[in-house]
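Participant: My structure is below; once you've seen it, I'll send some questions.
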Amino acid sequence: MKQLSDSKIYEQELQYWPYIKSWKKVLNYLVKNTPRNGTLIDIMCGPGYLLGKIAQKRKDLSLYGVDIDKRYISFSKKKYPKINFTIGNVLTYKSKQLYDVVICTGSLHHVPYEKQDKAVKNMASMVKQNGFCLISDCLMDDYDNEKQRKISAAKLGYEYLRKTIQNGAPDNVVEATIDILYNDVMMHEYKTSLKKRMPVYKKYFSKVQTIKVWPKTKTKYGDYIMICKK
Ligand SMILES: C[S@@+](CC[C@H](N)C(=O)[O-])C[C@H]1O[C@@H](n2cnc3c(N)ncnc32)[C@H](O)[C@@H]1O
């Protein structure tokens, strides 16, 4: 993730990345399915871009954002004064209330592998009984050992980069996309497979709806949206 001063660049990158499809689908889903006058919290919200768009389309909602990076939180507070932003860690954040909707988009792979279970558990604990949790993340092909993990990360990174270039991305965006591949292969970020992630969701939610957004072809790797209910 880029630094605070680069949040405009992040919005620019988003326009060329395959992730934009998932991002737009999530926005539409939330605008349509969040209950009237409901509460929605975005965990690992970054610079608050998604919450800002939801706020424009659903003025009845009470919106909350949590991120570990205080620079994002002070930036977001200024940019979206009607939204409630708080500094917090997905692993330890405790809220005084439960929410109709808890979301975490394109972010869970920033949490180290051995802590992803705890992050999902904590998010599940914030959802009202009849609410839902929406988690979108990019997943790669399954792997059994570190060599295979690196190869899966390289394959996903290559396909992601290819699509970004095909979409006409300028060089600064291509460079940032190469960084994603680097971070995934070298385990500075922690993308996993559907096979490894699904049991974690099933541990904390009784219903998990899987929506594969990119690519349209039958691959295991790609951008996924999970709608999880208790
Ligand atoms: C890819 S960015 C945010 C993406 C944003 N949700 C979106 O869809 O555009 C990942 C975010 O996770 C935050 N983050 C990383 N580790 C975190 C943690 N343990 N708890 C809370 N936020 C964390 C980073 O500060 C960063 O803003």
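The values are calculated or read from the model by the stated rules, or taken from the named source; none is laboratory data. Just so it is clear, the model here is predicted, and its values are computed rather than measured. Here the Cβ positions follow ideal geometry from the backbone for every residue, glycine too, while neighbour counts run over all protein chains shown. When the accessible area is computed, the model is the full protein with side chains, heavy atoms only, and any ligands, DNA or RNA have been set aside. Shrake-Rupley method; radii C 1.70, N 1.55, O 1.52, S 1.80 Å.
Participant: Nearest 20 debye, what's the magnitude of the dipole of the range 100-159 about its Cα centre given +1 on Lys and Arg Cβ and -1 on Asp and Glu Cβ?
Facilitator: Dipole magnitude for the range 100-159 comes out near 180 debye.
Participant: Would you please give the residues with an amide H less than 5 Å from that of SER193, counting only those at least 5 places away or on a separate chain, with H modeled from the backbone geometry?
Facilitator: Excluding prolines and chain starts, which carry no amide H, the hits are MET140.
Participant: Let me ask something else about it. For n ≥ 4 DSSP H runs only, could you compute -39500 (n - 2.57) per run for the chain, divide by its residues and tell me the 222 nm figure to the nearest 500?
Facilitator: Calculated mean residue ellipticity at 222 nm is -13500 deg cm²/dmol.
Participant: Express the accessible area of the chain per residue in Å², computed with a 1.4 Å probe while the remaining protein chains stay in the model.
Facilitator: Values: 11560 Å² over 230 residues.
It amounts to 50 Å² per residue over the chain.
Participant: Same structure again: Where a ≥ b ≥ c are the square roots of the eigenvalues of the C-alpha gyration tensor, would you call the range 73-216 rounded, which needs a/c under 1.5, or, failing that, prolate if a/b is larger than b/c, or oblate?
Facilitator: Here the range 73-216 falls in the oblate category.
Participant: Pop out the ³J(HN,Hα) list for the range 107-115 in order, Karplus 6.51 cos²θ - 1.76 cosθ + 1.60 with θ = phi - 60°, rounded to Hz; leave Gly and Pro as x.
Facilitator: My calculation for the range 107-115 gives 9, 4, 6, 7, 8, x, 3, 6, 10 Hz in order.
Participant: Sticking with this one: Would you mind putting 76-87, 98-109, 41-52 in packing order, based on average other-beta-carbon counts within 10 Å, highest first?
Facilitator: On the way: 76-87: 16.0, 98-109: 22.2, 41-52: 24.6.
Order by mean packing, descending: 41-52, 98-109, 76-87.
Participant: If you don't mind, there's one more thing I want to ask. Work out, step by step, the length gained on full extension between LYS207 and GLN97: first 0.36 nm times the residue separation, then minus their alpha carbon distance; give nm to one decimal.
Facilitator: 37.4 nm
Participant: Once you list every other residue whose beta carbon is under 11 Å from the beta carbon of SER62, what net charge do they have if Lys and Arg are +1 and Asp and Glu are -1?
Facilitator: Charge balance in the 11 Å sphere: +1.
Participant: Now for a separate question. With a 1.4 Å probe and all protein chains left in place, how much of the accessible area of the chain comes from carbon and sulfur atoms, in whole percent?
Facilitator: Numbers: 6180 of 11560 Å².
After summing per-atom areas, the C and S share lands at 53 percent.
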